[in-house]
Every structure is written in C-alpha cells, then in structure tokens.
C-alpha cells in the first residue's frame, strides 16, 4: 500500500517498549497536524500472553475510550478512515524483547571498526562488542566471544575498495569457525551483513553464504577519506524486520497492520532529531535516559572548524550500562560515589546513599517518595548524562586514517586529528527525554540537570520531550515529514528556555558578563552564579551579551554577541559558574551553600532541601 501524505487525515502510532506500549492519535485540523489523544498499556511480548499485538490493542482501546471514536473492529485496526471511524495510517516502533543487539567487526578497530560501530548505533542497535584484527585478542578468544554473545545480527566490514582482501577473509573465517547462534534460538540462520572491500564479496559469499543469512551491501568505508554508512544502516533495518522481529511473538501480525516497516525505537528517535537539525540548519544534541540505557544523538557540521562547512554528520551512541533503575548501580560504579554526592545539597552518609541506590536497582519501578529521594535521583541523573555524553564525544569523531592538508597550527595541535565532532559552543538545541527529565516535578529541575551534565557553552536552547512521543514521530517522518515536525514542535517538545554560559575562568564575585534583553535594562552577572531572567514564553527575543575580557560567548574573548532566542517555560538561565574547567568547591560546607543558592536562584524546590 502506497502512502500518499496529502490524503492522510489521521495517524495512529504505537511504540512497543520493553515494559509499556504507548499509542498516540494524531489528527489534521485547520492549523495542521496535532496530537489529540494518548493511551498506554503493558507490553505483552512475554508469558503468559506472548503476543505483542495484545498490548497494542489494549493501548489503542484506551485511545478509543478517551477520544470517543471507534478505531478497532474486533482485533483489527480500522483503516482507512471512513467518516469518524478508523485512521488513514497506522505505524509502529519497537524495543520490546531487549531491542536490537549487534556485534560488529572491522580490520582496524580505530578505523573500519569505529565506522561499523557508528553504522550499527545509527540504525538503533546496542553494540555488544567491536571485534578487529588489532584488538589484542587471540583467534580462539574471538571465537569464544562470538559463541558467548549470541547477538541478533553481525555487521562484518573491513578494507577499502580495491585493497588487500586477505585480512578481510580472515575475519570471515573466524566467524565461520565460531558458527554463532542467534539470541532468539537456533530455529533460523544468524543474519550477517558484509559491508567491506567489494573485491572480497565473492569469497565472503563462499565462506559464509551457506552458514548464515548473508547480505552483501556497499562498502561502508570505500576510501580512507570517505564513510558511506547508509547502505549498511538500511540493511540492518531490513534484516531486523525480516529475521529478528519476524521471530518475536506476534510481530508478523503487527507488521501486517502497517504499510510502513516497524523501526527500532532508538533509530526512530534519531530520525526526528536529524530532521529537526536539517530543517532548522542548527547543531542539535538529543538524549534519552531510560531505566537500563541512555542514548545520545547529535547532528554537527562535518568540519566544525571550517566556516563554510555545510555537510552534517549524525551520530548516535548507546550507554547500555547507564540508566536510572536497572542500571543505576552501574552509574554509581562508573561515576564514583563522590561525584554523585557533589550534587546533593545536604549531608548524606555514603553507606546510606549506596543502600538507596541498590534499593532502586532491585525495585526499578519505584519513584521518589520524599524530596530528599528526588534530589538524590536527580544527582544520579546528572552523572549518568555526563558519562553518556563523554562516551558520545569519544565516538563521534572525524575519520581516523583520513589524509588531509593541515597548516602549521594544526600540525602543532595533535588533538585535531580524529578529534570529536561535538562542538559544544556551536550547539543550538539540546533536547532531553526519559522519565527523570520529562516527568520532573518542575521544568526548571530538568533544565538544570541538563545544564549541569552537558555544560553547554555560549548560547544554547534547551527542551524536553513532554510525553516521550519522539519514536512514533521518527517513523512518521519517513512517510510524512511535515506532520512529524509539526507535532514534534507543537505537542511533543516543551521548550524550557535558553542558557547563556561564558567560557573562561575567573574569581567568584568578579565581573563576568552583561546580558541585555531587548526593551529592558542590562543585567550584570558576576562570576560563580546562576541567574534566571524571565522571558516571554512565546516568540523570540533579541539578546545582547557582552562578556568581560577573558570570557567567550561565541564571538571571541571579550567580544559582544547578539542572538535571538525563544523564551520557553523556564526562561533565560545565565550560568557564570565557569567552563573549561567547571569546578565545584571541594569544601563540603561551601559546596552545599553554593548548591542551595543555585537552587534558590532557579526556584528548583518549594522548600530548602
């Protein structure tokens, strides 16, 4: 069935999560497409139901009841819309059953291995391991690892087109010797995608064709200077539907309901982030912090140092061990208890804090019962986001091995080779999603959590996904981009406001920056403070930002910057606490006083914590 965007009056979209299935109904009105109703129900992919469509139907029935409109005929979604019954389009995303788990390989871990990892992450997968000839493991160790992991799919890459095939074939022979079984059992062949040297394609077919469900696509690194991830990503999506989802309980029936392929939830979220970045021509970072994993998405210029660079690069990373419930103990282990405690504005015994964190892990569905519990959970969130963003910056890098001409300053600056593409000063929009951010009791709490974790520089707008609707809008953007972006901005995205953060170090209390909102008197903010300026919630306002010597807000040290920003529900936060480095006081009493002062400045809590 061909989808004609102009004929679509109503859209029903579901997201089958690991615990909850969410359904949204979108309708076209005089002012365009808007969200009208939302419903949810427990996901039913496991026993006793073992049929994902039961949860989908239950969520849709809730939408039916809330909207007072018939959408179902028994166990079938009515489509197309006839009068006031049914919908014109049904589509879905899914991360039920643990999502898409992959293993990738390349010849050189820092080159084709990283490219393969970016291709898999961008397609919505969790990368279980990256295997390469130079990863330091012996052949028998690699074979044992392949047998232990049992991934849903393997992406095999390596070599530039026309290069040596011998080492590419070695990786294929290791895979053949391991003969790994897929996670969902031995009832079908393991999907393998080969996206390497085209000269090795026939040998790869001979080696793996009879042992696996092999797909051969264009090389993801045809030249050292070129990365071509789209064919591999498209193949991952196709095989995910054909092999992985087809063997999950009830998915064949679910796939028959929609003319649009079911998409992995993280891949769909990345799509809508990418669409917004391209449409508004700005650098965007999105984060989705869940109970078990944290996904970070970014769209930045391919060469942030080049003023005329127009090509953008999308990157996604998943921190599979950083989350707010199932993985909360991993956050404590990786961040360290002292880094969590530094965000808590009252004295806490370390043993008590460890017990609180472990209780959350063994009772993952609980929510904070007291204000102290809430503050501690938000402190953990800061560290989970910070660690995930650091991992993202480490992977979102320029192509290693790429030959390029460099001037003498770049030769002396060795960090420029293969450096991160994440230029925080160039960041235009930061979008947060996930329960701890979307459902924070006060929007200012979500805003400060993201500011503390990501440390934006210059001028950055911040927003949250109010009801976690980005997956459904991401898959919708593949067939109706206009409808997806309209609903994303009007009903999904809650604009919090903007942050002005001068880069530089100074002495607490000394002059730092002056901010003038059009039509108002200038406000001077000394170093070491947070200041909230109320702006109109709708529309744009002009700012004139004048930093002191030694501080930079995007135009250069000491140079003023004029910028239009949107007000949002919180307003304009001026953050003069310093960047490069950002340091909290070491003395516990001084640190607690500072945290309390910053909380009061933004009105974070109804009473002193």
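The values are calculated or read from the model by the stated rules, or taken from the named source; none is laboratory data. These numbers come from a predicted model, not from an experiment. Here the Cβ is made from the backbone with ideal geometry for all residues, glycine too, and neighbour counts use every protein chain on show.
Conditions tested, residue by residue: (1) in contact with a strand residue (DSSP E or B) (Cβ under 6 Å, 6 or more places away or on another chain); (2) crowded, with 23+ Cβ neighbours inside 10 Å.
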site: 77; (1), (2): yes, no
site: 80; (1), (2): no, no
site: 88; (1), (2): yes, no
site: 102; (1), (2): yes, yes
site: 105; (1), (2): yes, yes
site: 119; (1), (2): no, yes
site: 123; (1), (2): no, yes
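Of the helices (runs of 4 or more DSSP H) lying entirely inside segment 305-382, those containing at least 3 residues that are surrounded by fewer than 19 Cβ atoms within 10 Å (Cβ to Cβ) and free of Cβ contacts under 8 Å to residues at least 12 places away in the same chain span 350-362. Within segment 516-552, the set of residues being within 24 Å of residue 584 (Cα to Cα) and part of a strand (DSSP E or B) comprises 524, 525, 526, 530, 531, 532, 533, 547, 552. Being in a loop (DSSP other than H, G, I, E, B), closer than 21 Å to residue 115 by Cα and without any contact (Cβ under 8 Å) to a residue 60 or more places away in the chain is the filter here; which residues of segment 128-157 pass it? Within segment 128-157, 133, 134, 135, 136, 137, 151 meet the criteria.
The conditions of being within 18 Å of the chain's Cα centre (by Cα) and assigned by TED's automatic domain parsing to the domain that holds residue 574 are met by residue 461.
Screening 601, 597 for residues that are out of contact with any strand residue (DSSP E or B) (no Cβ under 6 Å at 6 or more places or on another chain) and outside any loop (DSSP other than H, G, I, E, B) leaves exactly one candidate, 597. In the set (1) without any contact (Cβ under 8 Å) to a residue 60 or more places away in the chain; (2) farther than 21 Å from residue 36 by Cα; (3) in a helix (DSSP H, G or I), residue 63 fails one condition alone, (2). Scan segment 554-609 for residues that are buried (at least 17 other Cβ atoms within 10 Å of the Cβ) and closer than 19 Å to residue 506 by Cβ and the total you get is 12.
To keep it simple, each residue is scored yes or no on (1) modelled with pLDDT under 90; (2) part of a helix (DSSP H, G or I); (3) under 19 Å from residue 501 (Cβ atoms); (4) assigned by TED's automatic domain parsing to the domain that holds residue 328.
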site: 404; (1), (2), (3), (4): yes, no, no, no
site: 425; (1), (2), (3), (4): no, yes, yes, yes
site: 445; (1), (2), (3), (4): no, yes, yes, yes
site: 451; (1), (2), (3), (4): no, yes, yes, yes
site: 472; (1), (2), (3), (4): no, yes, no, yes
site: 475; (1), (2), (3), (4): no, yes, no, yes
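Which of the residues spanning segment 20-43 are touching a helix residue (DSSP H, G or I) at 6+ places or on another chain (Cβ under 9 Å) and not in a strand (DSSP E or B)? Of everything in segment 20-43, those that are touching a helix residue (DSSP H, G or I) at 6+ places or on another chain (Cβ under 9 Å) and not in a strand (DSSP E or B) turn out to be 31, 43. Can you tell me which of 464, 424 is free of Cβ contacts under 8 Å to residues at least 60 places away in the same chain and more than 21 Å from residue 376 (Cβ to Cβ)? Unique residue meeting the criteria: 424.
Residues in segment 283-299 that are out of contact with any strand residue (DSSP E or B) (no Cβ under 7 Å at 6 or more places or on another chain) and under 16 Å from residue 488 (Cα atoms): there are none.
Residue by residue, here is whether (1) in the same structural domain as residue 144 (by TED's automatic domain parsing); (2) surrounded by fewer than 19 Cβ atoms within 10 Å (Cβ to Cβ); (3) in contact with a helix residue (DSSP H, G or I) (Cβ under 8 Å, 6 or more places away or on another chain) holds:
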{"position": "156", "(1), (2), (3)": "yes, no, yes"}
{"position": "161", "(1), (2), (3)": "yes, yes, yes"}
{"position": "166", "(1), (2), (3)": "yes, yes, no"}
{"position": "177", "(1), (2), (3)": "yes, yes, yes"}
{"position": "190", "(1), (2), (3)": "yes, no, no"}
{"position": "199", "(1), (2), (3)": "yes, yes, no"}
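When segment 44-58 is limited to residues that are within 27 Å of the chain's Cα centre (by Cα) and not in a loop (DSSP other than H, G, I, E, B), the one that is farthest from residue 262 (Cα to Cα) turns out to be 55. Summed over segment 204-237, residues that are part of a helix (DSSP H, G or I) and surrounded by fewer than 16 Cβ atoms within 10 Å (Cβ to Cβ) total 4.
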